[in-house]
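Here the structure is laid out as C-alpha cells; the discussion comes afterwards.
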C-alpha cells in the first residue's frame, strides 16, 4: 500500500467552490509573463504536468493582468512590487487579480461549465460543472476539499470506441477480453470523464449554502464534474460510429481540440487529489473495465500491463475500494443471492423485470432513477450511475454490500475481470500481424505511429476506424 496522500488543498473555499492561487504565484513569479509558458522545471516530469506538448500552465498569470491593474483598497496594487503584508501583500494582490481575470475570461469566452449548461436548458443542469484546461486546477482543488465528507465517487468515461482486436492464442475468455481492452486503451484517448460525489448516506453536496452572515449564495454549487480532454478528429484515432454518437449527444469536438485538458496533467493532479490511493474512498462505476483502464493509463503515463493479474494489482493500489454495478447485477441474477443470502422477493422481481436488459438506462428506468443532463455525456452518466448504485444497494442488497465479495470486481467487454491472486497468464502469442492499407503485415512493417503497439494486436483499417499513417 503506498504512503497516504494529502487530500486537502487550501482551506477556506467560498461556495460555489471558489479558490485563489496566490500561494502558487508567489512561488513561481518568473512564470507570470504569459499564460502559455511551460510549467516550472520542478514539474518537468511527464507524469506531473511536464508534457512538452502542452501549453497549459495553471500556475501562471496571463500577460497584462499585473500591468497597472489596481485592486481597490490596497495601496500599490498596480505597482510592480506591491509592498505590504497580509491582504496588502504582493502574493495576495496577485491572487485577487487572478481570480478576477478567471471570472472575466470565463464570462467572455463562455467556457464556464455552469454558464454553458444553463444555456442548454435549465438551471437544474448547472449542478454538472464542465471542466476545461482553464479551470482544471481550480476544480481539482474543490474536489480535494469535498472528498473527505463525500467519499463515494461515481464515475463514467466517454472514449472513441473500439478500433482493434488481438489475434493469437489466449488462456481463456477473460484473457482475450483483457487484451482487447488493453490494446484499445493504449491506442486511444479518453474524451470525457464524469464524476459525482456522494456521502455515506447517498447524498450529493447541497446545491445552496449561506455565507457567514446567513445570506444565500446566488448560484448552485456542483455535485458533478465533467472533465473534457483534448481530442482531435483530424489527428487522433477513433471509431466513427462512436464519435458520431457522441457528437449527436452534444459533445463539441472543436471545443475539445481547442480547450481540452491535457490528460497527463490531469493524471498528475488526480494522483495527489485524495480521490485515489485511499481505502476510505469508494469508486462506483458501470461496466467499467475501460473506464479504469483509461484512468490508470493517464496516472501511470504508460501503457497498461501485459496481463490481467498485473492490471488488477495496479487497480487495487489506485482504487482500493470500487464497485461495478453491472457486475453486482449479473452476480445477483446468476446466483439468485446477495451477500451470501437468497434474494428477497422484491429484489428477485426487479431482476426478473430487467430480464436480458442490462444497459445503464434500462436499470435506471426499472429503479425509477431520473436522468439529469444528456445521455452519453460523462457527467450525466456518472450522476445516473451513482443514483443507481444507492438504489441497488437499498432494494437488491438490503442496504449493505459485502466488500469481500464484490469490491474490486469489474465488468469489461462481455465478461468480468476478477481479482485472481494466483492467476496464470499466457503472455503474448508468438505470431501476430496488423491490418495495414488493405493487407496483413508483420508487426515490424506497421506504420510508425503503431510501432509501440505490443505484438499481439491487430488493427482493422476499414470504414468506421481512423488512423494516422
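The values are calculated or read from the model by the stated rules, or taken from the named source; none is laboratory data. Every value quoted in this text rests on a predicted model; they were computed, and no experiment measured them. Every residue, glycine as well, gets a Cβ built from its backbone with ideal geometry; the counts of neighbours run over all protein chains shown.
Each row is one residue, and each column tells you yes or no for (1) crowded, with 21+ Cβ neighbours inside 10 Å; (2) farther than 19 Å from residue 205 by Cα; (3) at pLDDT 95 or above.
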position	(1), (2), (3)
121	no, yes, no
124	no, no, no
130	yes, no, yes
143	yes, no, yes
159	yes, yes, yes
162	no, yes, yes
172	no, yes, no
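Within the option set 160, 151, 205, being closer than 25 Å to residue 401 by Cα, in the same structural domain as residue 232 (by TED's automatic domain parsing) and touching a helix residue (DSSP H, G or I) at 6+ places or on another chain (Cβ under 9 Å) holds for one residue only, 205. The numbered conditions (1) assigned to a loop (DSSP other than H, G, I, E, B); (2) surrounded by fewer than 15 Cβ atoms within 10 Å (Cβ to Cβ); (3) modelled with pLDDT under 95 are all true for residue 334 except (1).
Screening residue 189 against (1) crowded, with 20+ Cβ neighbours inside 10 Å; (2) part of a helix (DSSP H, G or I); (3) at pLDDT 90 or above leaves a single unmet condition, (2).
Scanning for something within 15 Å of residue 407 (Cβ to Cβ), touching a residue at least 24 places away in the same chain (Cβ under 8 Å), touching a strand residue (DSSP E or B) at 6+ places or on another chain (Cβ under 7 Å) and outside any helix (DSSP H, G or I), does the range 338-352 turn up at least one residue? No, every residue in the range 338-352 fails to be within 15 Å of residue 407 (Cβ to Cβ), touching a residue at least 24 places away in the same chain (Cβ under 8 Å), touching a strand residue (DSSP E or B) at 6+ places or on another chain (Cβ under 7 Å) and outside any helix (DSSP H, G or I). Among the residues of this structure, residue 232 does not count as one that is surrounded by 20 or more Cβ atoms within 10 Å (Cβ to Cβ), in the same structural domain as residue 408 (by TED's automatic domain parsing) and either part of a loop (DSSP other than H, G, I, E, B) or touching a helix residue (DSSP H, G or I) at 6+ places or on another chain (Cβ under 9 Å) (or both).
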